[in-house]
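Computed from the coordinates by the stated procedures, all read-outs in this text should not be read as laboratory data. All figures in this text were calculated on a predicted structure; none of them were measured in a lab. Neighbour counts run over all protein chains shown; Cβ positions are idealised from the backbone, glycine included.
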Amino acid sequence: MATITLKNGIDKYWKRSALHPIKLPEKELIRPRLLTMLDEDTPLVALQYCLVVAKIARWEFPRVWPSFAEDLLAQIQAIATDPSLSAARRGIMENNVLYIMHLFVKSLSSRTLVLERQSLRQITPLVFAVLAPIYAERIAQFHE
C-alpha cells in the first residue's frame, strides 16, 4: 500500500508545477534512498516501486539528477559482486534494478530534446559494459 501511495504522490507532487510540490531539500533526501530499496520480492509491489524510480529519473535526469545512470549502473555492479547476498536475494534485486534500467532507457529513447538525446548517447557504452556480462551469464545459465 505504501508503494502505491508513493507512486501516486510522485505523480501529483514531484513536479515543480504541482499545486503543493515536494520541496528541493526533501527531494534531495529521497533520491539517494531510491536505489537502496531494491529487495522487494512481491512482484506487484516491486513493479510499482520500479515505476516510481523510473518516473523520478525521467523528470530529473539529466538536469537535476545527472548521476542517475551512473548510480544505477553502480548499483547493478554492487548487486552482482556482493558476496553476502544469497542467490535468491541477488536474483530478486538484480531483476528489480534491471527493470528500472529498462524503464529508464525506454523513457530516454523517446525523448526529443538534444540534451536528453546526448545523455542517452553518453551512457550507452556504460550500459553495455555493465549489462553484457550479466546477459552472458544468464544465457550460460539457460544453456546448462
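Data for the structure
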read-out: Among 18-24, 106-112, the order from most to least packed when residues are scored by Cβ within 10 Å on average; value: 106-112, 18-24
read-out: Cβ-based charge dipole, region 18-95, positive-most Cα from Leu19, Val52, Thr81; value: Leu19
read-out: Gyration tensor (alpha-carbon) shape descriptor, the chain, a/c threshold 1.5; value: oblate
read-out: Packing-based ranking, highest mean first, of 59-69, 78-88, 34-44 given that Cβ atoms within 10 Å are counted; value: 59-69, 34-44, 78-88
read-out: Charge dipole magnitude, Cβ of K and R +1, D and E -1 - the chain, Cα centre, debye nearest 20; value: 760
read-out: 12 Å Cα cut-off, lysine pairs counted over the chain (separation 8 or more, or different chains); value: 6
read-out: ³J(HN,Hα) computed for each position of region 118-127 - Karplus, 6.51 cos²θ - 1.76 cosθ + 1.60, integer Hz, glycine/proline x; value: 5, 4, 4, 4, 6, 8, 4, x, 5, 4
read-out: Cα-based helix-to-principal-axis angle, 68-81 vs the chain, degrees rounded to 10; value: 30
read-out: FRET efficiency for Ala140 and Ser86, using Cβ-Cβ distance with R0 set to 30 Å, rounded to 0.05; value: 0.90
read-out: Farthest toward positive dipole pole in the chain [+1 Lys/Arg, -1 Asp/Glu at C-beta], among Tyr99, His143, Gly9; value: Gly9
read-out: Length gained when the stretch Arg111-Leu47 is fully extended (0.36 nm per residue, less Cα-Cα span); value: 20.8 nm
read-out: The chain: angle of helix 24-34 to the longest principal axis, Cα-based, in degrees nearest 10; value: 10
read-out: Relative contact order, percent, the chain [alpha-carbon distance under 8 Å, six or more residues apart]; value: 23
